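The values are calculated or read from the model by the stated rules, or taken from the named source; none is laboratory data. Here the structure is a predicted model, which is why all the values come from computation and not from measurement. All Cβ positions, glycine included, derive from the backbone under ideal geometry; neighbour counts span all protein chains shown. Note: areas computed on protein heavy atoms with side chains; ligands, DNA, RNA excluded. Shrake-Rupley method; radii C 1.70, N 1.55, O 1.52, S 1.80 Å.
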Amino acid sequence: MAQPLVKKDDDRDDEADYHPFLGIEKGAVLQEARVFNDPQLDARRCSQVITKLLYLLNQGESFTKIEATEVFFAVTKLFQSRDIGLRRMVYLMIKELSPSADEVQIGTDISYIASNIKVIIVTSSLMKDMNSKTDMYRANAIRVLCRITDGTLLTQIERYLKQAIVDKNPVVASAALVSGIHLLQTNPEIVKRWSNEVQEAVQSRAALVQFHALALLHQIRQNDRLAVSKLVTSLTRGTVRSPLAQCLLIRYTSQVIRESGGNTQTGDRPFYDYLESCLRHKAEMVIFEAAKAITELSGVTNRELTPAITVLQLFLSSSKPVLRFAAVRTLNKVAMTHPMAVTNCNIDMESLISDPNRSIATLAITTLLKTGNESSVDRLMKQITNFMSDIADEFKIVVVEAIRSLCLKFPLKYRSLMNFLSNILREEGGFEYKKAIVDSIVILISDIPDAKESGLLHLCEFIEDCEFTYLSTQILHFLGIEGPKTSDPSKYIRYIYNRVHLENATVRASAVSTLAKFGALVDSLKPRIFILLRRCLFDSDDEVRDRATLYLNTLGGDGSVVETDNDVKDFLFGSLGVPLVNLETSLKNYEPSEEPFDISSVPKEIKSQPLAEKKAPGKKQPGLGSSPSGPGSTVDAYDKLLSSIPEFSNFGRLFKSSPPVELTEAETEYAVNVVKHIFDSHVVFQYNCTNTIPEQLLENVTVVVDASEAEDFSAVASKLLRSLPYDTPGQTFVAFEKPEGVPAVGKFSNMLRFIVKEVDTSTGEAEEDGVEDEYQLEDLEVVASDYMLKVPVSNFRNAWESMDPESEQVDEYGLGPRESLTEAVSAVINLLGMQPCEIDYYSGQDYRKGSEVVPNNSRSHTCLLSGVYIGNVKVLVRLSFGMDSSREVAMKLAVRSDDVSVSSAIHDIVASG
């Protein structure tokens, strides 16, 4: 009786499965490869050895030059065998050992192995097979030959490849077409000459040939929009029979519709009719592709969606899991933008909640949560409760995020949804899953005021048994922000102080800070808080003791019930007021001396990467000579430079320096860019110039500025550049006076004027006599955003609430038709020149979301901005955008600042912009 190949141990629970290549060694396989030299070839044994060699190569095994050479020449001897299966294995082996693939496939220690000999042997054998009467030989020979060939050899075999494309055998034709797709990347000019043959192959009756031909023909014409449009127009008339090719054509048609810009007069309506007709195709893949294409069309209406939704609804009840999955996933995407169009499918999707495929069930639930109405929420929650225990964490996270969106959509249902989240929070789960639930509860607390107290209690109960330090610290921090604002803050103290006794040092330190926040913000709790903080002085961890000592001494160690000073609150819990990256740079540059470090000297603006750093290394750029090392040093360098020039030394402290603005095109005779330096009463233009002509020396270089279109500006000073040798950056300056504290705007024309002297490049000496010359530069504008510093705030909500509500000014504006909300948000941010803030629920890095990022297909959005206006006035802006069905965008602008007049100025900027 035959014994099994591997005996499995029942105690190991099938831990080790049988592997045909388990334990094979390179040396043993190379010994076996000698079978290739046998006079009487054993085709089956040779195929097994080649399989082992291919396995070793694909596992990253390195062969020496000698080993690889011996294997290659041995494999070439197998061409004498007529066994079709062995010949196919030989083709695979040649592709692995081909001259073009030696370095990649065999190892870093091999460059080329007898390249010339290999090319001769391989190509002669493959050329013979390409003209063989055996179609299988021909097809595989074409694939391998095109894999290893270069441009020179390709021209020699081009005639054979053209014939193969129109060959009657579909296997040979497909091989030639696929090879053409690969060759198009390396030899596009040669492949483009095959257009007539490929066009003929598109009419083939073989499904795969038509598919490959259409793919190649589109790639050949893809850079010519008109040619692609003509191709789509000709093929949509019914000449495509292959379902695969039909799917490709649908995708190309969608591309043409998108590029046509939605104008029905440009021919997109017949294309849409073609997509609709594909919904009646007999092949399911074509029907789905057409339905998917219709749902993804830009500006699609409910009437146009209806036939596609109907087809997808039928797929929901299909017996094939792949069709059900494809349909529910597409409907899930449609529900984001057109939820009402999907509501007719809700009954069918409810039946999918119990689908054995958990991916389908998850998508069905999330789609129902997006399309359901307020009355169906409770029924859905009951169905989801039974479902959650059967799916993995990754699917649970998707469901949690959908529930969060549903709660924000129907805030009156927060109780049932919050209870559901708290129940699953107590169940088993990984970090990402728990993080998603906590994140959702925090967002609901922040956006639904009525949910605050119940939500905070759920979080307090969670940290009693939380195994994740990160989540515990973030929840404690959030409790410190929101807890003191509740009606009864004292009920949270027990949960917080329990952490001091029961958790690790990191959580204990966070709990101490949270207790201090309650003591600072709730005066009635201060005596009790001080008792607890004093107990923390005996903690075993230094960080915990130090925090407790700091808070006791700062808040007043006697524990009397007195109001905490606002300066103390700002010191302990307020924002630094400067970006951390700038603070870090300034601290690194600080040299210890008798004068202490002054945080007011830290630049408040986050500077973008300097222009010089974006250019290619080694090429000098017009500017300050050497590029600054960091954001802080950029401002410091400009400040020192300007204060060292007598003409500008009395202008006061520099408020802002703009990024360099190019005034010349690339590769011109002279490279000039300008930096705008903003002071309270002056604007200085720093023109950074570079002479790119070796035979010229420029002297007395200056820029003549015409300010006729900038009425509020008057020229007061300038500084010329004495000499500008070849490839040596230099600066010339022009200063203008403007009304103090006023954001004056205007347009300036610029003319570069200089004396040019010829230079002998061999000696480097210039002629004594020069000629006056001038060079026209691009115009320059001073805009409103030049008077605004991008200064972030660590917690926008706290900063907003700390500002005087009387300074708030609100108005609404129409922004006209826009392609998307992203475009509208970017336009307003660029107009104001302010720093987008993060929607900060935790003040924790992983829980922040940039408010400038608009979700895909969103119809409404809120953006938060912060900055410092000229005169060092803090400004906060809250933008609320909305887009209707005609893509008209409306915006609500709310501004708070330290000065009411600045709030009005921000509205004036938007109104005039």
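I'd like to check which strands (runs of 3 or more DSSP E) are fully inside region 803-881 and have at least 1 residues that are under 22 Å from the mean Cα position of the chain (by Cα), modelled with pLDDT of 80 or more and surrounded by fewer than 16 Cβ atoms within 10 Å (Cβ to Cβ). I'd like the intermediate steps shown before the answer.
Values: elements: 809-817, 838-840, 848-850, 860-869.
Answer list for region 803-881: 860-869.
How many residues are open to solvent by 90 Å² or more (accessible area, probe 1.4 Å) and either in a strand (DSSP E or B) or touching a strand residue (DSSP E or B) at 6+ places or on another chain (Cβ under 6 Å) (or both) if we restrict to region 759-773?
At the first step, the residues of region 759-773 found to be open to solvent by 90 Å² or more (accessible area, probe 1.4 Å) are 761-762, 765, 767-769, 771-772.
Checking the rest, the ones that are also either in a strand (DSSP E or B) or touching a strand residue (DSSP E or B) at 6+ places or on another chain (Cβ under 6 Å) (or both) come to 767, 771-772.
Within region 759-773, residues that are open to solvent by 90 Å² or more (accessible area, probe 1.4 Å) and either in a strand (DSSP E or B) or touching a strand residue (DSSP E or B) at 6+ places or on another chain (Cβ under 6 Å) (or both) number 3.
Please find, within region 368-425, the residue that is farthest from the chain's Cα centre (by Cα) out of those that are among the hydrophobic types (A, V, I, L, M, F, W, C) and open to solvent by 40 Å² or more (accessible area, probe 1.4 Å).
Here is the first cut: in region 368-425, the residues among the hydrophobic types (A, V, I, L, M, F, W, C) are 368-369, 377, 380-381, 384, 387-388, 391-392, 395, 397-400, 402-403, 406-408, 410, 412, 417-418, 420-421, 424-425.
This time we only want the ones that are open to solvent by 40 Å² or more (accessible area, probe 1.4 Å), so: 392, 395, 398, 408, 412.
Details: ALA392: 27, PHE395: 23, VAL398: 20, LEU408: 26, LEU412: 35 Å.
Filtering first and then ranking leaves LEU412.
Just for helices (runs of 4 or more DSSP H) wholly inside region 494-577: which have at least 1 residues that are at pLDDT 90 or above? Walk me through it before giving the result.
Working: elements: 505-521, 526-535, 542-555, 566-573.
Answer list for region 494-577: 505-521, 526-535, 542-555.
How many residues are open to solvent by less than 10 Å² (accessible area, probe 1.4 Å) and in contact with a His (Cβ under 7 Å, 6 or more places away or on another chain) if we restrict to region 151-185?
Adding up the residues that qualify gives 2.
With the structure loaded, tell me whether GLY60 is out of contact with any Gly (no Cβ under 6 Å at 6 or more places or on another chain), surrounded by fewer than 10 Cβ atoms within 10 Å (Cβ to Cβ), at pLDDT 80 or above and assigned to a helix (DSSP H, G or I) or whether it fails that test.
Numbers: out of contact with any Gly (no Cβ under 6 Å at 6 or more places or on another chain): yes; surrounded by fewer than 10 Cβ atoms within 10 Å (Cβ to Cβ): yes; at pLDDT 80 or above: yes; assigned to a helix (DSSP H, G or I): no.
Answer is no for this residue.
Is it the case that LYS382 is among the basic types (Lys, Arg) and within 23 Å of SER351 (Cβ to Cβ)?
Details: among the basic types (Lys, Arg): yes; within 23 Å of SER351 (Cβ to Cβ): yes.
Yes; evaluated as a whole, the condition is true for this residue.
Here's the yes/no breakdown for (1) closer than 20 Å to ASN344 by Cβ; (2) among the charged types (D, E, K, R); (3) not assigned by the TED database to the domain that holds VAL438:
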{"site": "ASN357", "(1), (2), (3)": "no, no, yes"}
{"site": "THR362", "(1), (2), (3)": "no, no, yes"}
{"site": "LEU369", "(1), (2), (3)": "yes, no, yes"}
{"site": "GLU374", "(1), (2), (3)": "yes, yes, yes"}
{"site": "LEU406", "(1), (2), (3)": "yes, no, no"}
{"site": "LEU417", "(1), (2), (3)": "no, no, no"}
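Looking only at region 148-198, count every residue that is among the charged types (D, E, K, R), part of a helix (DSSP H, G or I) and in contact with a helix residue (DSSP H, G or I) (Cβ under 8 Å, 6 or more places away or on another chain) and tell me the total. Step through it out loud before you land on a result.
Initial filter on region 148-198 (among the charged types (D, E, K, R)): 150, 158-159, 162, 167-168, 189, 192-193, 197.
Still in the running and part of a helix (DSSP H, G or I): 158-159, 162, 189, 192-193, 197.
Applying the additional criterion that residues be in contact with a helix residue (DSSP H, G or I) (Cβ under 8 Å, 6 or more places away or on another chain) yields 158, 162, 192-193, 197.
Total satisfying the criteria: 5.
Considering only residues that are closer than 10 Å to ASP393 by Cα, of a type outside the set (A, V, I, L, M, F, W, C) and part of a helix (DSSP H, G or I), which ones fall in region 416-440?
GLU432, TYR433, LYS434 - these are the residues of region 416-440 that are closer than 10 Å to ASP393 by Cα, of a type outside the set (A, V, I, L, M, F, W, C) and part of a helix (DSSP H, G or I).
Hey, among LEU30, LEU53, which residue is open to solvent by less than 50 Å² (accessible area, probe 1.4 Å), under 13 Å from LEU97 (Cα atoms) and in contact (Cβ under 8 Å) with a residue 24 or more places away in the chain?
Numbers: LEU30 fails: under 13 Å from LEU97 (Cα atoms).
The unique qualifying residue is LEU53.
Here is a list: THR486, THR469. Which entry is in contact with a helix residue (DSSP H, G or I) (Cβ under 7 Å, 6 or more places away or on another chain), surrounded by 14 or more Cβ atoms within 10 Å (Cβ to Cβ) and closer than 22 Å to TYR414 by Cβ?
Numbers: THR469 fails: closer than 22 Å to TYR414 by Cβ.
Step by step, each of THR486, THR469 is checked, and only THR486 is in contact with a helix residue (DSSP H, G or I) (Cβ under 7 Å, 6 or more places away or on another chain), surrounded by 14 or more Cβ atoms within 10 Å (Cβ to Cβ) and closer than 22 Å to TYR414 by Cβ.
Assigned to a helix (DSSP H, G or I), over 26 Å from ALA308 (Cβ atoms) and of a type in the set (A, V, I, L, M, F, W, C): does that describe ILE397?
Details: assigned to a helix (DSSP H, G or I): yes; over 26 Å from ALA308 (Cβ atoms): yes; of a type in the set (A, V, I, L, M, F, W, C): yes.
When the stated conditions are applied, ILE397 passes them.
Tell me which strands (runs of 3 or more DSSP E) are completely within region 687-729 and hold 2 or more residues being among the hydrophobic types (A, V, I, L, M, F, W, C) and open to solvent by less than 40 Å² (accessible area, probe 1.4 Å), or say none if there are none. First the steps, then the outcome.
Values: elements: 696-709, 714-719, 721-724.
Correct list: 696-709, 721-724.
Kindly indicate which of LEU444, LEU479, LEU471, LEU456 is touching an Asp or Glu at 6+ places or on another chain (Cβ under 8 Å), aliphatic (A, V, I, L, M) and either touching a residue at least 24 places away in the same chain (Cβ under 8 Å) or assigned by the TED database to the domain that holds LYS569 (or both).
Numbers: LEU444 fails: touching an Asp or Glu at 6+ places or on another chain (Cβ under 8 Å); LEU479 fails: touching an Asp or Glu at 6+ places or on another chain (Cβ under 8 Å); LEU471 fails: touching an Asp or Glu at 6+ places or on another chain (Cβ under 8 Å).
Answer to the check: LEU456.
If you take the residues of region 82-134 that are modelled with pLDDT of 75 or more and among the acidic types (Asp, Glu), which of them is least open to solvent (accessible area, probe 1.4 Å)?
ASP129
Return the residues of region 665-686 that are open to solvent by 10 Å² or more (accessible area, probe 1.4 Å) and under 19 Å from PHE748 (Cα atoms); say none if nothing qualifies. It would help to see each step written out before you state the result.
As a first pass, look at region 665-686 and keep what is open to solvent by 10 Å² or more (accessible area, probe 1.4 Å): 665-671, 676, 680-682.
Within region 665-686, GLU665, ALA671, LYS676, SER681, HIS682 meet the criteria.
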